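See structure below.
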Amino acid sequence: MNVVNRDSSPTSFAFCPASDPWSIADPCFQNLYLLTLPAIFASVLFLQRLSFFNHHGHRHNLGRTGVIYWSSFFLMLLGCIALVLRLIASSDEQLDLASKLATGSMLVSWTLAAILNHSEHLFSIRSSDAILGYYLAALAGSAVLYYTTSDLNNHQQSTSYLQLYIISLFLGLVVEAWPRGRTQVQLRSNVSVYDKSNLISRLSFHYIQPIMAKGYKRPLQLSDVESLMPERIRSENAYPGLATTWEKQVEKFEHLPKGKKEKKRPWLLLKVIFLTYGWTGWTSIILCRVASTTLVYLQPVLLGYIMDFMQSSTSETPQPLSRGIMLAFLMFLTSLFSSVMGAQLFQLNADRGMEIRSGLIGLIYRKTLRLSPEARIKSSTGEISNHMSVDAEKWVAALNTLPQWISAPIELVVALWMLYSQLGWCSLVGLFTILGLMPIQSRVSGIFQSIKETKLTAMDSRIRLVTELFTSIKTIKLYAWEDAFKAKIANYRQIEMSVLRRFGVVYAGMTLIFSTTMFMSLLSFGMFAAFGGPGGAAGEITPHVIFVSLSLFGLLSRPISTMDTLLSSTTSILVATRRVQKFLLSEELEVRTEDPAHKQYPLDPAGYEGKAIVVKNATFSWTKEQSSSDDAYPSDRDENTPLLENADGSVARNVPTLNGINFSLRSRSLTAVVGRIGQGKSSLLSALIGDMYKYNGSVQVRGRVAYVSQLAWIMNCSVKDNILFGKPLDQEKYDQVLDACCLRQDLDMLPARDSTEIGERGINLSGGQKQRVALARAAYADADIYLLDDPLSAVDAHVDQQLWQQLIGPSGLLKNKTRLLVTHGIHHLDQVDSIIVMKDGKISEMGDFVQLLSNRQGFYQLNLEFSSTHKRKSHKKLHGPEDVVPETASTSDSTSDADSSTAIAAQEQEMENPKAELVAAEKMVDGGVGWHMFMVYARAASLSNMIWVVVLYILVEVAQVGTSFWLRFWSDAAGQEKYSVLQFLLVYGGFTLAYLAFNVALFYVANVHAAILAARHLHDRLLNNLLRQPMSFFDVTPVGRIINRFSSDVENVDETIIWNFIDVVYCLVAIGGTLVVISTSTPLFLVAVPPLVLVYLYIQSYFIKSSQALKRFMSVSKSPLYQHFSETIAGVSTIRAMGANPRFITMNGAKADLSAETTLAFGIGNRWLKVRLEFLGALVVLGAALLAVLDQGHLSASVVGLSLTYAMNVTGDITWLVRSFSELQNQLVCVERIEEYAELRTEAPLETAVRLPKNWPSEGKVEFKNYSSRYREGLDLVIKNVSFEVKPAEKVGIVGRTGAGKSSLTLALFRMIEAADSYWARATVTDSSQLLISSWPRQESDLDGFKTDQGGSIEIDGVDIATLGLKTLREHLSIIPQDPTLFAGTVRENLDPFSEREDAELWTALERAHLKDHIASLVGGLSFEVAQNGENFSVGQRSLICLARALLRKTKILILDEATAAVDMETDDLIQRTIRKEFKDRTILTIAHRIKTVMDSDKILVLEKGCVEEYEAPAELLKKRESLFYKLAEQAGELKA
């Protein structure tokens, strides 16, 4: 076949005398271009590879596979012998110089290949890509030459040697490509599956075949996809390069002038990403893209040759049939290679995108560990999580489109040039159209960017609220504030829906632009038909012109139609990258070491000897010095707060938190820090661990630090892992720590002892247990310095005493350590070495206990009023130690059952797992998603909308096929002059306008109606149902799983599923139209349709089983990553202080790698499918072309053109159908995961038909009648047959030992747990379809059927609370919880979320709670913004705000659940006086570990093992020395001498 007819040059004659070197069929051409050039290129490549091994290679020392090595070497030697013999024979037969050159160059290349093969076996564990690639090229070129020379029947001897050479090549290829997975070399290697696979396996994606085969036979396990991705993508390899480039570029950026800096700021991180991988890293992607595009553009050229071939049948010199068959096979090979190159392009993009993602996650995580206080408050947990889960994730998909910025202009130029060769100047219409679209597309790009930014901002806020909601769900349920949070979330969700609607409208309008190729073809054909001929005469409309031009218009439409995706993707990646960049440029801690508190200082002869901590003239603040930021407020997890009340009651934002701090601590000393709440005690510890800004002065911390925060930070892992904290197990030391921290009895209660998993946020431990686990962690760390932030406030008095004696005090386990203890209690102060008294952010006094008492200042007054030391000592002298409660009787705290899941793990009776895991692995459904999930989505989107989408797509296809048939008719009737050009154009224009109109309507219905309806319905259903779940669900469900559904799953529902559905409908309709066209053109093709359909269906079913499992793995593997990230943010101070940064970075990397592994596995599976389906598609093209060629004399060129045009498209359509259908099913996994939670059984209804008396409860009488309860069905009872009565306005103190059931009574009163064996206790766990919420009785008389005597009842003012709705009940009760919780928002919203109160009422409540002056001093007063989790208030201040809430509710019953645990003695006394005064006419139930707090109660309720042990007035109980209350009071020092 002569591609170009060109006269031979003199140089060519020198190589090929009497030949045409530009003819593909000529042996000279084949020798030069198919053999010599590849041989020269391979030789250069082999030399480069040998040089690399020589300078940079590392031997694997795993041996070599002798069979493969020697077989390969022998076959290469055989090939070289054949070439030598051919070279000798060519001299005898006087072959041309080209043949000798080809033979000689191949001989050199295979000699180098043999040498390289030796090195490859030493340095590499897989076959050489260079050698294997050359095998393929040499075999193809030699086979073509052999076919040509044997056909010419010349040079018999040299041809025989060529035959021997080809045999050696074929056998060598088999050996080189032979899988080596079972060889000892690869079995001993620990590199990834990808790094073990050879070139052919990578090109065909065969290396994932074992996984696909397993998935087809059985459900896949997560372990099946391990070690699949390239090593360079792992975090340990991806992070360093990106981090190094980032640091260099940031350093350069900081030195730029201000004006230049602002110009370059938006592109900084983008520049870093591109520089990290350099030109070499991006060149492979660009070259692959260009190669793929080139192969695609060869198809219209070949189509043109086939059209010429068909038209030649009517000419005098018809072309030979062999030429037509060769063209058909060339179309097949072009289609096949295009598919392979396209798949490789996708994989290269995915690999690089995942590499960038891994690097960005590493940067984001490390940055989080270094954030300054102001930066932490500006970046909420939800926002930072979105940087990782959304922004970094964008790069994975973006690289599939970003290279189009390079390839799209090339495609446009090539398509326009080829169109010009067909239509002449008339094709310039396309150029002008493209130029006209540029400003419109630029405008649309800006609109899309604005839409994306608004959507992401609203989503950030929504995720933050959702995170806050479900993190504090217990508190929200107790306050019955679910509706308030729903309303807040709904506001942000409405913004998201508005943005999606705007996008849908804009996109529907943009379809007119994306369909411009229809206009271009209409105008171009019209102008060509009228003026396209010579001299402006009418052009000749032929099948060649029509169908080649149509193919080119189709190719031209690719870069234009994908422009929307390109713009959208580019916009998304720019927005996402700038968001990440803004975070990475956030302020960091001043000291940028991994563990700033651990800096070792040499001994200073100037008086520092023996000093562990030295602070000189230091001033600290939570805000930056002279900060002008309006929203720069501190971030502090405990009592760390900049909002300290000054002596004059004012608070200035830049007033330092700690002023003029001077102190030093001797090594091995014990120092206590005391003072009122908000005076800077916790801030002092934060300053020492480097968490605050230091304005001036110096701080020296000499030694390793262990830090225990005021609110204990617990990890979601086993008890043992929490204590070891990454250190190796020393059993003796470990046992000592358990004893010292009073954890033995707690471990005995757990089913797997210390191997029992602790739930997220320590959900299945009480406050005291969490604090003691945190203490144990610090003790096991064996540090030099211990910073303890009020760890004794959360434990009972007797546990307090034991911890002091065994751990913290002068004789405790830490006696030889330096200890700095923040405390609100003063009963141990006479045993400490020194005392620091904090007041107004300054050290007001410092000295030992006797010295401070003798000073008769603030500490003296505090001790005089609140000390009970003398009582305790005198009583111990009187009664001796034998009266003290034995350690074995109670080694825990009074709040062991404080959470609704306490003792869950302890009492599981059906546990089979020895680890006793509380949080089960996330549920994954095996097999296909099924029709049911699609119908769930369709009903959510409205069935009528979905039907309209299908109908409109059918109309679009009818219009498009009609256009093609009309063009065929036009080309056939062009010379008959029956119709004018205008008539042809009018019909053609009508089809075009119909196509555009139906397209606009289609995308409007799909995006504006269907997608938004589905998004709103599924999100709201998920939120509503989760808010109605019982607490037992949240006890065993990590928040990360819930957030994953509200973030990535909801985002897929919002933006992805509708497009997958559109793609499926489009492909089905397009394939139907194609089959109609091909069948009418070549009916014989219908014979091939059934087997093709069966093969496609088989491949799809084979693929879908594994694909869905891989998609689920991809979703599930993200939850641990996000959960660990949130956990890290919560404990960042502890992690930094204890030097655990490197270990947590490694853990984050491992979880990120698992997520990357599953994501890549899913993508590789899609590529595996693409190659196989497009191979079948190429067979369809081959079949259609062969049928046309073989029927040359009977088919017109226009029929063949129409048939082949659609056949070339059907390849992509069928492939895209299977992929889209698979992707739709995969995306429906998101609907399945949402439905999983949306279909969970709910707790009792919020309201019932029961009519309550006016102002109920008017008296406040509470009566428990034979009440029993458990936390979940299947667990033991925690409250057993309890009966007692609380009279109106009576004050009852509730005390008891570990697990006695104290807080369980509180939960029962609020119906957070239900009566045992009651209807609602069983309803949330049973599968019975009869137990539905809707079956709740509508009439009060129907309630009897829902009552049960087995669990007893609780009555308030004579009303059984089991008959009330949960909202009704909880709104009529008040509680001040143990863990005071504040929410992001204003102070006003935290006090009155429903805006039911006047400001005057709020100020009055704050005044009574002793907070009015402080709140008034803040910027905005009641409108002051509370940080996430209330982090800009101390724990004590949060408790006072909770007191203000209780004052506002004005209910007759108030429950205090360890409400004063986090406040000092003076504040505790203020709160108690407020309660006695403001709640004097209300019933109060108080749970407290400070016996002093309940001593003035009317009655004391003593619980023991879930039963009422004692219930009398405190005075009566104290008369009975055998009573448990007497012993508790005695140990607390509350007995009078």
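Give the share of C-alpha pairs in each 10 angstrom bin for segment 447-500, from 0 to the last occupied bin, in whole percents, shortest bins first.
The calculated distribution, bin by bin, is 25, 44, 22, 8, 1.
Keeping all protein chains in the complex and leaving out DNA, RNA and ligands, what accessible area do you get for residue 828 with a 1.4 Å probe, in Å² to the nearest 10?
Solvent-accessible area, nearest 10 Å²: 10 Å².
If I model segment 1155-1242 as equal point scatterers sitting on the Cα atoms and use the Debye formula, what is log10 I(q)/I(0) at q = 0.12, 0.20 Å⁻¹?
Here log10 of I(q) over I(0) equals -0.57, -0.94.
Using θ = phi - 60° and the Karplus form 6.51 cos²θ - 1.76 cosθ + 1.60, what ³J(HN,Hα) does each residue of segment 1049-1060 get, whole Hz, x for Gly and Pro?
Those phi angles translate into 5, 5, 4, 5, 5, 5, 10, 10, 4, 4, 6, 5 Hz.
For 1414, 56, give me the order by solvent-accessible area with a 1.4 Å probe, most accessible first, ignoring ligands, DNA and RNA. Please report the intermediate quantities before stating the final value.
On the way: 1414 5, 56 115 Å².
Sorted descending by solvent-accessible area, the residues read 56, 1414.
Could you put 1519, 1291 in order of accessible surface area, largest first, with the 1.4 Å probe and the full protein assembly present? Can you show the working numbers first?
Working: 1519 145, 1291 40 Å².
From most accessible down to least: 1519, 1291.
What are the ³J(HN,Hα) couplings of segment 1437-1450, residue after residue, when phi is run through the Karplus curve with 6.51, -1.76, 1.60 and θ = phi - 60°? Round to Hz, x for glycine and proline.
Here the 3J(HN,Hα) series is 5, 4, 4, 5, 5, 4, 5, 4, 4, 5, 5, 6, 6, 6 Hz.
With a 1.4 Å probe and all protein chains kept in place, how much accessible area does residue 837 have, in Å² rounded to the nearest 10?
About 20 Å², ignoring ligands and nucleic acids.
Heavy atoms only, 1.4 Å probe, whole protein assembly: order 754, 1498 by accessible area, highest first. Write out the running numbers ahead of the final one.
Working: 754 25, 1498 70 Å².
Accessible-area ranking of 754, 1498, largest first: 1498, 754.
Just how much of residue 1003 is accessible, in Å², when a 1.4 Å probe is used and the result is rounded to the nearest 10?
Probe radius 1.4 Å; accessible area of residue 1003 about 20 Å².
Would you mind listing how long segment 297-443 runs along its three principal axes, going by Cα atoms, in whole Å with the largest first?
Sorted from largest, the Cα extents of segment 297-443 read 88, 36, 18 Å.
Rounded to a whole number of µm²/s, how large is the Stokes-Einstein D of segment 161-295 at 10 °C and 1.306 mPa s, given Rh as the Kirkwood radius over C-alpha pairs?
Values: Rh = 19.6 Å.
Estimated diffusion coefficient is 81 µm²/s.
I'm a student and want to see the number: the projected area of the Cα convex hull of segment 258-355, averaged over all directions, in nm². Display every interim value, and only then the final one.
Values: hull surface 38.6 nm².
The orientation-averaged projected area of the Cα hull of segment 258-355 comes to 9.7 nm².
Per residue, how big is the convex hull around the C-alpha atoms of segment 1103-1196? Give it to me in cubic angstrom, could you? Can you show the working numbers first?
Working: hull volume 10.5 nm³, N = 94.
Residue-normalised Cα hull volume stands at 112 Å³.
So how many Å³ per residue does the convex hull of the Cα atoms of segment 1135-1180 work out to?
Details: hull volume 1.9 nm³, N = 46.
It comes to 41 Å³ per residue, whole-number rounded.
Per q in 0.21, 0.23, 0.26 1/Å, what log10 I(q)/I(0) does a Debye calculation on the alpha-carbon atoms of segment 1019-1104 return?
At q = 0.21, 0.23, 0.26 Å⁻¹ the computed log10 ratios are -1.05, -1.13, -1.23.
Over segment 1108-1254, what relative contact order in percent results from Cα pairs under 8 Å that are six or more residues apart? Don't skip to the answer; put the middle values down first.
Working: 64 pairs, mean separation 44.7, N = 147.
Computed over segment 1108-1254, the figure is 30 percent.
Using the Kirkwood radius over C-alpha pairs as Rh, can you work out the diffusion coefficient of segment 243-312 via Stokes-Einstein at 20 °C, viscosity 1.002 mPa s, in µm² per second? Display every interim value, and only then the final one.
Values: Rh = 15.9 Å.
D = 135 µm²/s.
How large is the Kirkwood hydrodynamic radius of segment 370-502, in angstrom, based on all distinct alpha carbon pairs? Spell out each step's value before the answer.
Numbers: mean 1/r = 0.0521 Å⁻¹.
Computed over segment 370-502, the radius equals 19.2 Å.
The values are calculated or read from the model by the stated rules, or taken from the named source; none is laboratory data. These figures come from a predicted structure and were not determined experimentally. SASA here: full protein model, heavy atoms, side chains in, ligands and nucleic acids out. Shrake-Rupley method; radii C 1.70, N 1.55, O 1.52, S 1.80 Å.
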